[in-house]
1. Please determine whether any residue of the stretch 230-240 is aliphatic (A, V, I, L, M), at pLDDT 95 or above and within 16 Å of ILE293 (Cα to Cα).
2. Inspect the stretch 108-119 for any residue being among the charged types (D, E, K, R) and either out of contact with any Gly (no Cβ under 8 Å at 6 or more places or on another chain) or within 24 Å of VAL151 (Cα to Cα) (or both) and give the result as yes or no.
3. Could you pull out every one of the helices (runs of 4 or more DSSP H) wholly within the stretch 1-85 that has 1 or more residues that are of a type outside the set (Gly, Ala, Ser) and under 19 Å from ARG307 (Cβ atoms)?
4. Restricting to the stretch 261-287, and then to whatever is without any contact (Cβ under 8 Å) to a residue 60 or more places away in the chain and part of a helix (DSSP H, G or I), can you tell me which residue is surrounded by the fewest Cβ atoms within 10 Å (Cβ to Cβ)?
5. Could you please find all residues in the stretch 255-310 being under 25 Å from the mean Cα position of the chain (by Cα), of a type in the set (D, E, K, R) and closer than 21 Å to MET241 by Cβ?
6. Any residue in the stretch 38-65 that is free of Cβ contacts under 8 Å to residues at least 12 places away in the same chain and more than 17 Å from GLY117 (Cα to Cα) sitting within a Cβ distance under 9 Å of a residue that is surrounded by 15 or more Cβ atoms within 10 Å (Cβ to Cβ) and among the hydrophobic types (A, V, I, L, M, F, W, C)? List the pairs, counting only those 6 or more apart or interchain.
7. Go through the residues of the stretch 288-298 one by one and say whether even a single one is in a strand (DSSP E or B), surrounded by 20 or more Cβ atoms within 10 Å (Cβ to Cβ), of a type in the set (S, T, N, Q) and touching a residue at least 40 places away in the same chain (Cβ under 8 Å).
8. For the stretch 103-117, which residues satisfy the criterion of being in contact (Cβ under 8 Å) with a residue 12 or more places away in the chain and surrounded by 14 or more Cβ atoms within 10 Å (Cβ to Cβ)?
Amino acid sequence: MKPTRPVVTLGNFDGVHIGHQKIFSETIRMARERDGVSVVYTFDPHPLKVLAPEQNLTLLSGFKKKMELIAAYGMDVTILADFTRAFARMHPRDFAIKLKQGLGMDSVVVGHDYSFGRSRSGTIEYFRKMGAELGFTVEVVEPVTVDGERVSSSVIRSMINNGEVREAAKRLNRLYSIEGKVVSGYKRGAAIGFPTANLETPYEVIPAVGVYAVFARLGVGEWREGVVNIGYNPTFNRNDMIVEVHLLDHAEDIYGAQIEIYFADKLRDERRFGSVDELKSQIALDIEGSRAILEKCRKGGGVIDPRGMK
């Protein structure tokens, strides 16, 4: 069944950043004016994963997270196209006809750099030409800038890879998060009085090695504060990278649980300490610093999670 009076936006929307959110807002506004529904038409896997796997593209959000974010930012319907090489070979005209026949929309909203079809040959100008022929308009949303720089998924990836999670949050309009399962670790944190949960995560973009102030979501409405160490535990001569979180004021065993970590700010780089006592003293300072950052984050009125959980 076709959506009622749909207004459609198309794109990959990796990370669902503030540029994407602006596109969604315009799509929703136009749909409400028509008493219709807002529709996202997106793709899985990401086209570059299929067409250029050698580029090793890392994604800010996996499929599940992207779907959650799209819904959280108010879109009514999401249509997911299976992106294959055959799909990529589709001529732009054929794609436009397929879209019109399938959805019956009279308006499409796209970002300023949108292109589609074989070899990305379907420009916005071409799309507008097809719209005039098939009976739909194409609205273009201009880019969003932060600190004079255009917001893009690639810029945000670079920031997170460099540990600049606070800067990334400005461009996401929320804290960047990763999710995973708590797995067994070396239990050295517990041995020195600061038990940690080791996170096994499928997320592809992990913040740079270092120590971070974080919020942690253990379940719906169950939030904790914490400190996360990403790195190699050089004091204990580890050579495998780990993501381990120490939850503040939390003593329950969460082994096997799913947990989502929201990065508020970086506290410091990882470093080797001369003794376990020196490490313990630093961890105590990290906890104090994390509490201060997270309290400021809460009072600042920023978005932790757009799904409304605080």
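1. From the stretch 230-240, those aliphatic (A, V, I, L, M) are 230; that's our starting set.
Filter once more, so that each one left must be at pLDDT 95 or above: 230.
With the extra rule that they be within 16 Å of ILE293 (Cα to Cα), the set shrinks to none.
So far as the stretch 230-240 goes, no, none of its residues is aliphatic (A, V, I, L, M), at pLDDT 95 or above and within 16 Å of ILE293 (Cα to Cα).
2. If we filter the stretch 108-119 for residues that are among the charged types (D, E, K, R), which is where we start, we get 113, 118.
Subset that is either out of contact with any Gly (no Cβ under 8 Å at 6 or more places or on another chain) or within 24 Å of VAL151 (Cα to Cα) (or both): 113, 118.
Yes; the residues of the stretch 108-119 include at least one that is among the charged types (D, E, K, R) and either out of contact with any Gly (no Cβ under 8 Å at 6 or more places or on another chain) or within 24 Å of VAL151 (Cα to Cα) (or both).
3. Details: elements: 18-33, 47-51, 63-72.
It comes to 18-33, 63-72.
4. Restricting attention to the stretch 261-287, the residues satisfying the condition of being without any contact (Cβ under 8 Å) to a residue 60 or more places away in the chain are 267-268, 271-275, 277-278, 281-282, 284-285.
When the remaining residues are screened for being part of a helix (DSSP H, G or I), the result is 277-278, 281-282, 284-285.
On the way: ASP277: 10, GLU278: 12, SER281: 12, GLN282: 16, ALA284: 12, LEU285: 12.
The residue in question is ASP277.
5. GLU260, ASP265, LYS266, ARG268, ASP269, GLU270
6. Matching pairs, first to second residue: GLN55/LEU48; LEU57/LEU48.
7. The initial filter retains those residues of the stretch 288-298 that are in a strand (DSSP E or B), namely none.
Among the residues of the stretch 288-298, not one is in a strand (DSSP E or B), surrounded by 20 or more Cβ atoms within 10 Å (Cβ to Cβ), of a type in the set (S, T, N, Q) and touching a residue at least 40 places away in the same chain (Cβ under 8 Å), which makes the answer no.
8. Within the stretch 103-117, LEU103, GLY104, MET105, ASP106, SER107, VAL108, VAL109, VAL110, GLY111, TYR114, PHE116, GLY117 qualify.
The values are calculated or read from the model by the stated rules, or taken from the named source; none is laboratory data. For clarity, every value in this text was computed on a predicted model and none was experimentally measured. All Cβ positions, even for glycine, are placed from backbone atoms using ideal geometry, and neighbour counts span all protein chains on display.
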